[in-house]
Structure formats: structure tokens, C-alpha cells
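One structure is given here, and the rest of the page talks about it.
Only the coordinates and a few stated rules stand behind these numbers; no lab work does. Here the structure is a predicted model, which means the values were calculated and not measured. Here Cβ is always computed from backbone atoms with ideal geometry, including for glycine, and neighbour counts include all displayed protein chains.
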Amino acid sequence: MKPDTHSSPIITVIGGGSWATAIVKILCENDVHIRWWLRNIEDVEYIRKFGHNPNYLSDVQINRRKVRTFYQLPKALEDATHVILAVPAAFIQDAMKDVRPEDLQGKVIISAIKGLIPNENILITDWVESAFSVPKGQICVIAGPCHAEEVALEKQSYLTIASTDVLQAAHFAKMMSCRFLQAHAIKDIYGVEYCAVMKNVIALACGIAHGLNYGDNFQAVLVSNSMQEIQRFVDAINPMQRDLMASAYLGDLLVTAYSQFSRNRTFGNMIGRGYSVKSAQVEMNMIAEGYYAIKSIFAINKQYQVNMPISKAVYRILYEKASPASEIQKLKAQLR
Ligand SMILES: NC(=O)C1=CN([C@@H]2O[C@H](COP(=O)(O)OP(=O)(O)OC[C@H]3O[C@@H](n4cnc5c(N)ncnc54)[C@H](OP(=O)(O)O)[C@@H]3O)[C@@H](O)[C@H]2O)C=CC1
Ligand SMILES: O=C(CO)COP(=O)(O)O
């Protein structure tokens, strides 16, 4: 294929799941060039031939004039100005194993991941900074309440782009804004990342309660208490003035706790109904980030000792085989 001769941004999207597919669709609306890396050669060939992702959001039409697909990641990165990471946190190190710091030099790296690096228990942006020597000001995060399925349906949505360099975030926010999506920029990169991780854990709790037949009244109290729990945790780990009522924080908690599309809520619901973790994972065919994140949050909180009864209940259910019914029963007395 001929090299591009243009000055429009060249954006590499890493990941073949639903969020990567939705992001590619959004970018196709704008004057950018897209390199899309998927790990399976069969999927790459399918998209080249038919213009659809065969496995996720397969109704989405991919504009093949704008999108070049790759299964070798270093090749997909060669001429990129921006790189979006959209693989679940548990697999991002594996996905990036052939990438060297030089491959990312001078590029803006954007994390679309709402999880932590397992075992290391660190944020994706901290990992990008340390593993690839990318300066913090060149890293952004995509946050906000936005399910890939609604992007596929072109339902009006909003995103928040965070970076310590707010101009960098604003520049990228323009590339992510289109007729059905508005993106805006903020500075609070740590706050949005931690909140995005925590809201997945809370959505698991909501799903578990729903699966146990608790109703909307209980869930409203659970979610209100969760917001306080998130605030305590984020204030302990990264104290600064922030408006947790903004959509990047509260909005993302609400959509994940209530939406039929939430993987975390769906996973929790199965656990509440009596599925084992293994059988729920097999049934879902998509990743519930909160399952991995709660283990990291639990480890991080050993240092901070924040009072987090809802997260603790989720941890005990998923990792200590505690009974969902008795954990939620215990929680009842602690909610207000
Ligand atoms: N879905 C959504 O609405 C949103 C998701 N996010 C976040 O985006 C991130 C990606 O999630 P999402 O797209 O939903 O995930 P999905 O569950 O839709 O897809 C998972 C993807 O991960 C891939 N994968 C699994 N193992 C590896 C590996 N070792 N190397 C590379 N890729 C691998 C799968 O590939 P294969 O199919 O080949 O197994 C698949 O493409 C998560 O952090 C999520 O929290 C954020 C906002 C919205
Ligand atoms: O982050 C999301 C919506 O903003 C997606 O949440 P789920 O992974 O639970 O579907």
C-alpha cells in the first residue's frame, strides 16, 4: 500500500473488542487516518474483505478507505501520531509485548482502558509512562459514560478526555467529537482513571444484588453509598479539588450500574443468581474489568486502609468464595 501523503493525524487503535470497534467508528467520522490492530489474522482479513468486525459490534460498517487493518503491532504503529489502547487491562501487556519504547516515541498515547495492570496494581497511564518512557504530558485517558453498543447505534453520547496537558487533551477531544458524540477535556487524569476502575466494581455489586432479587430502592441506596466510597478512596490516593458529580465520574458510575449493556453488571447478576466465576466468564464472552480490578484495589487499599465495605463484599464473593446472599445481607446494616 502507498504511504499516506497528508498532514491529518494518523491514529492507531490497539484492540479488537467492542470498545475498539466503537472508537474506530467514531474516528471514521473525522478527518483522520486510522490504523487498526487486531490480534487475529483471520479477523484482520475478514474486516479487509467485508468491512465488519466478525466478533464484536458486527453491524458497524467500517470505512475501508480510512481504516487500514494490521495483525503485526509494530507495523501498525510505524507512522502513527496517536495511539489508542483499547484492550482489557489484563491483556494489555501481552498485546504490547513486541512494542519497544522507540515505537512510541513522540506519539500521543491514549488509554481507553478502565482497569489496572494486574499484579503490579498500577494505572495504565503509569505503566505506559514507566514501561515505554512516554512523558506524562503525552498521555491521555478516555473517560465518561459511554457504552460501545450505543455508539454503534449512534445514540447521543459524551466523553471526557483527561491529560495533565489539557491542550493535548482538547486537541484529541476534537478528533473524538462527531455528530453523535461530544468530547471535552479536563486535567484530572488520575481521578478519572481511578473512578473508572471503581465504578466497574460497584456495577458488579449492583448486578449481584439484582441477581439476588433486590430491587431499585436498594440499588439507589447502594449506588449513593458507592459514590461516597469512591470519593473516600480517590481522596486518599490522589487528593485534589475535583467535581465528582461530573459525568466522567458520577455519570460513568450511573451508566455502568444501571445499563443493560454493562458487562460488569451482567457478570455480577450471574454471580448473584448462583453462577460460579468460571461459568459466568464462559457465558459472557466479553470481559468484566471489575473482576480483575477488585483484586488490585483490595491490594492497593492495604496501604490506605480506606473504609470500603461494598468493594470488600465484592472481593470476598469473587475471590474468597463468600456467599453473595450473606455478603449483601451484611452490607445492608452498613448502608444509609
Ligand atoms: N465496551 C464498552 O462499552 C467500553 C469498554 N471500555 C473499556 O475498554 C477496554 C476493552 O474492553 P472491550 O472492548 O469492551 O472488551 P471486549 O470484551 O469487547 O473484548 C475483549 C478484547 O480483548 C481481546 N483480547 C483478549 N486477550 C487478548 C490478548 N492477550 N491480547 C490482545 N487482545 C486480547 C479480545 O480478542 P479476541 O476476541 O481475539 O479474544 C477482544 O478483542 C476495557 O478496559 C473496558 O473497560 C471502556 C468504555 C466502554
Ligand atoms: O465503561 C463502560 C461504560 O462507560 C462500560 O462498562 P462495562 O464494561 O461494564 O460494560
Practice task
Give the Kirkwood hydrodynamic radius (Å, one decimal) of the chain, defined as one over the mean of 1/r across all pairs of different Cα atoms.
Solution key: 20.3
Exercise for the section: Compare the Cα positions of GLY272, PRO309, ILE47 along the charge dipole of the chain (+1 at Cβ of Lys, Arg; -1 at Cβ of Asp, Glu; about the Cα centre) and return the one farthest towards the positive end. Expected result: GLY272
Problem - Whole-Hz ³J(HN,Hα) from phi, Karplus 6.51 cos²θ - 1.76 cosθ + 1.60, for region 24-39, glycine and proline x - result: 4, 4, 4, 4, 4, 6, 10, 7, 9, 10, 10, 10, 10, 9, 10, 6
Practice task
Kindly provide the Kirkwood hydrodynamic radius of region 10-187 in Å, to one decimal, from all pairs of distinct alpha carbon atoms.
Solution key: 16.1
Practice task
Could you pull out every one of the aspartates and glutamates with an alpha carbon less than 17 Å from that of LYS302, ignoring same-chain neighbours closer than 8 positions?
Solution key: GLU120, GLU229, ASP235, GLU320
Exercise for the section: Apply the Karplus parameterisation 6.51 cos²θ - 1.76 cosθ + 1.60, with θ equal to phi minus 60°, to every residue of region 159-171 and state each ³J(HN,Hα) to the nearest whole Hz, in sequence, with x for glycine and proline. Expected result: 10, 10, 9, 10, 7, 5, 9, 5, 5, 4, 5, 5, 4
Exercise for the section: Would you pull out the residues with amide H under 5 Å of GLY16's amide H, same chain only if 5 or more places away, H placed 1.01 Å from N? Expected result: ARG39
Problem - Ascending count of other beta-carbon atoms within 10 Å, so fewest first, for ASP43, ASP188, ASP94 - result: ASP94, ASP43, ASP188
Problem - Kirkwood-type radius of region 1-89, with distances r between different C-alpha atoms, in Å - result: 12.8
Exercise for the section: Kindly put ASP252, ASP98, ASP235 in sequence by how many other C-beta atoms sit within 10 Å of each C-beta, fewest to most. Expected result: ASP98, ASP235, ASP252
Completion exercise
Descending packing, highest mean Cβ count within 10 Å first, for 157-165, 173-181 is 157-165, 173-181
Problem - Cβ crowding within 10 Å averaged over residues, with 110-117, 244-251 ranked highest first - result: 110-117, 244-251
Completion exercise
Taking region 195-332, the equivalent ellipsoid from its C-alpha gyration tensor has semi-axes in Å, biggest first, of 22, 16, 14
Practice task
Over 32 Å between C-alpha atoms is what I'm after, so list which of LYS49/LYS187; LYS136/LYS278; LYS114/LYS155; LYS278/LYS312; LYS114/LYS332 land there.
Solution key: LYS49/LYS187; LYS136/LYS278
Practice task
Read phi for every residue in region 272-283 and hand back ³J(HN,Hα) as whole Hz from Karplus 6.51 cos²θ - 1.76 cosθ + 1.60, θ = phi - 60°, with x for Gly and Pro.
Solution key: x, 7, x, 5, 7, 4, 4, 5, 5, 5, 5, 5
Practice task
Grab the DSSP H runs of the chain that are 4 residues or longer, score each as -39,500 (n - 2.57), total them, divide by all residues and round the 222 nm result to the nearest 500 deg cm²/dmol.
Solution key: -15000 deg cm²/dmol
Completion exercise
Rg/Rh of region 160-256 (Cα atoms, Kirkwood Rh), to two decimals, equals 1.04
